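Worksheet: the structure to be examined is printed underneath.
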Amino acid sequence: MSKPALMRHMPQIAHVDVNCFYASAERAFNPSLEGKPVIVLSNNDGCAVTRSPEAKALGIGMGDPWFKIAPRAKEWGLIALSSNYELYGDISSRVMELLGRYSAWLEVYSIDEAFLGVKGEPTHLRTLGREIKDAVRAHIGVPVCVGIAPTKTLAKLANKWAKNNPGFAGVCHWESVPTAERQRLMRSLPVIEIWGVATRLTRRLNALGIHSIHDLAAANPVMIRDRFSVVMMRTVLELQGSPCIPMEEERIGKEKLIFSRSFATPITTAAGVRQVMSVYGQQAAARLAKHDQQAKVLTAFAGTSHFNPHDTSYPAVCVPLPMPTADPVLLTRAAHALLPRIVDGIRYARAGIMVTDLRPSGNQSPLSLFENPHEERHIGTLLENVTKRYGRGSIGLGHGGIRQGLNWTMKRDMLSPRYTTHWDELPLAKAG
Amino acid sequence: MSVVVGPRVIDAGVSLVSALLSPVPVAAGFPSPAQDYFDGRIDLNAHLIKDVTSTYVVRVSGESMEGAGISDGDELIVNRALRPTDGSVVVAVLDGELTIKRLRITAGKVILQSENPRYPDIEVPALSDLTIWGVATRCLHHV
């Protein structure tokens, strides 16, 4: 390689995302859907939000309303499913947990995609990409593609390329592709295809003679900053190979917040993990408070190094909190549920917590002056138990208890079983 | 003395057991000498599931695996991260269905065996012709 030694070990970014995530999660538990056109509908069975390649081939567009598709569904052999959020949420968490084993530097970008910090020789990175792809497919059951490049923007582009070009077999390491080929790709794709370029900006870019990704990469970053924004300038620099969009270790979204680090020296005792859990519990509490949010579920996990094939251990627990909370004491105590799983003597290279099912905290505070918290807690537990046993909507307080007739309760007429979160809905395996 | 019961522990979204976490004594009278010895109740998840990330629970439908102690309605703990070997009880994908069989790999032959004489074995040319969904590690048999 002609590159100086220093350059070869610059950190790179791997972008991993699940192909047609919702449809793939359904197929993982219902293999009969494999090869058939499948769509998953949005809230209230409104429109198609995920389409399998077979469904795309039928001409079904992203966001096409179900009432327009429905009349032809039978003739097409199309399978339409309601959004099974319980299933997708669990599969997403599993994918992220698995990805976390490959890098301490994980940014969960959305329910089905993540960025990972990776390092090493091109051959190593290509192997790592394939390993990640094979592991997620085999261990979780959903297909992913991987793009690896010096910047997030290029990693996303590499991933897209891997998805659309079977020659890559799902994994594209940007710098392993000959320069001429990369240039050809960038010339062939319009700017709208790049991460961070909105539709409304494309016309203005086009007016400046910038049509393809290649044109944007060749633009003067300062001119772009003056005419557009710092954000667009970063995109230009990232396309040129300079990392400008930093990794975010935690990201607040409507779904989850993760705190995870790898340790410089492995931790080998439960006492050590307890300390780490306490730190994360408080960090999570602080972050939730800052964003005025509370969490309903906490997951705590630890793991041995991916590079140490002996004594592997990946303990994890998922703790439903008694009530939505941002209380550091409650969160830390919940995280300590991991401790009985920690085996003294095992070398844990990383640990973390994830809080999920986040909701705004403002909802209940004005009333809390008048509440008896214990009373409140008992009712909450009772409701939870009843709901667990008899299903959602079987009991509730006030309007929440009315079973039918309210138009805000979500319609999910074509819901598949919640295979991994409900004991009564486990996947069936035939012994016949 | 009273204890505060911690949150219920569940795993992989599927709750197997409830566990009592770190009892916190409230100052009242002499502390229990048992306090120092309490490390939590037995947690089935910890003993039955080695890798929560890649473990799923499936429910058995049918009688072809009776001989292996796997009955209709039992639950199987299936780890997708394990490599199947000769003798593994596997969940394989057959005709679009998750199907439980005993995997037999002998010289030049791969057989999906039933554990009930009333059900035939299935012979496959090679392991690569099979989609193994996961390897069963435990059966929760209803007695």
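Does the stretch B:79-93 hold any residues that are facing chain A (nearest Cβ under 8 Å) and out of contact with any helix residue (DSSP H, G or I) (no Cβ under 9 Å at 6 or more places or on another chain), and which are they? Please lay out each step first, then the result.
First pass over the stretch B:79-93, keeping only residues facing chain A (nearest Cβ under 8 Å): B:80-81, B:91, B:93.
Passing the criteria: only B:V91.
Among the residues of the stretch A:174-182, some residue qualifies, meaning at least one is open to solvent by less than 70 Å² (accessible area, probe 1.4 Å) and touching a strand residue (DSSP E or B) at 6+ places or on another chain (Cβ under 6 Å). Reported count of residues in the stretch A:50-69, each being open to solvent by less than 50 Å² (accessible area, probe 1.4 Å) and under 30 Å from B:L94 (Cα atoms), is 5. None of A:G345, A:G303 is small (G, A, S) and under 22 Å from the mean Cα position of the chain (by Cα) except A:G303. All of A:T153, A:T179 fail the test of being without any contact (Cβ under 8 Å) to a residue 24 or more places away in the chain and of a type in the set (S, T, N, Q), apart from A:T179.
Considering only helices (runs of 4 or more DSSP H) fully contained in the stretch A:40-148, which possess at least 2 residues that are over 24 Å from A:V16 (Cα atoms) and basic (K, R)? Walk me through it before giving the result.
On the way: elements: A:53-57, A:66-76, A:85-100, A:122-135.
By residue number, A:66-76.
Can you tell me which residue in the stretch A:298-329 is modelled with the lowest pLDDT, limited to those that are surrounded by fewer than 20 Cβ atoms within 10 Å (Cβ to Cβ) and at the interface with chain B (Cβ under 8 Å from one of its Cβ atoms)? Among them, the one singled out is A:P322.
Identify all residues within the stretch B:94-106 that are facing chain A (nearest Cβ under 7 Å) and over 15 Å from A:A28 (Cα atoms); write none if there are none. Steps first, please.
Kept after step one, since they are facing chain A (nearest Cβ under 7 Å), are these residues of the stretch B:94-106: B:96-100.
Within the stretch B:94-106, B:I100 is the sole residue that qualifies.
If only residues of the stretch B:58-76 that are surrounded by fewer than 22 Cβ atoms within 10 Å (Cβ to Cβ) and under 12 Å from the mean Cα position of the chain (by Cα) are counted, the one that is nearest to the other protein chains (Cβ to nearest Cβ) is B:R59.
Could you grab me the full set of residues in the stretch B:82-115 that are open to solvent by 60 Å² or more (accessible area, probe 1.4 Å) and of a type in the set (S, T, Y)?
Pass one, the stretch B:82-115, residues open to solvent by 60 Å² or more (accessible area, probe 1.4 Å): B:82-83, B:85-86, B:95, B:97, B:104-109.
Matches in the stretch B:82-115: B:T85, B:T106.
Within the stretch B:120-141, the set of residues being of a type outside the set (A, V, I, L, M, F, W, C), at pLDDT 95 or above and either out of contact with any strand residue (DSSP E or B) (no Cβ under 6 Å at 6 or more places or on another chain) or under 24 Å from A:E34 (Cα atoms) (or both) comprises B:G134, B:H141. Name the single residue that is nearest to the other protein chains (Cβ to nearest Cβ) among those in the stretch A:82-92 being in contact (Cβ under 8 Å) with a residue 40 or more places away in the chain and open to solvent by 20 Å² or more (accessible area, probe 1.4 Å). Looking at residues that are in contact (Cβ under 8 Å) with a residue 40 or more places away in the chain and open to solvent by 20 Å² or more (accessible area, probe 1.4 Å), I get A:D90.
In the set (1) at pLDDT 95 or above; (2) out of contact with any Pro (no Cβ under 8 Å at 6 or more places or on another chain), A:K3 fails one condition alone, (1).
The values are calculated or read from the model by the stated rules, or taken from the named source; none is laboratory data. Just so it is clear, the structure is predicted and the values come from calculations on it, not from any experiment. Neighbour counts are summed over all protein chains in view; Cβ atoms, including those assigned to glycine, are modelled from backbone coordinates with ideal geometry. Surface areas here come from the heavy atoms of the whole protein model, side chains and all, with no ligands, DNA or RNA. Shrake-Rupley method; radii C 1.70, N 1.55, O 1.52, S 1.80 Å.
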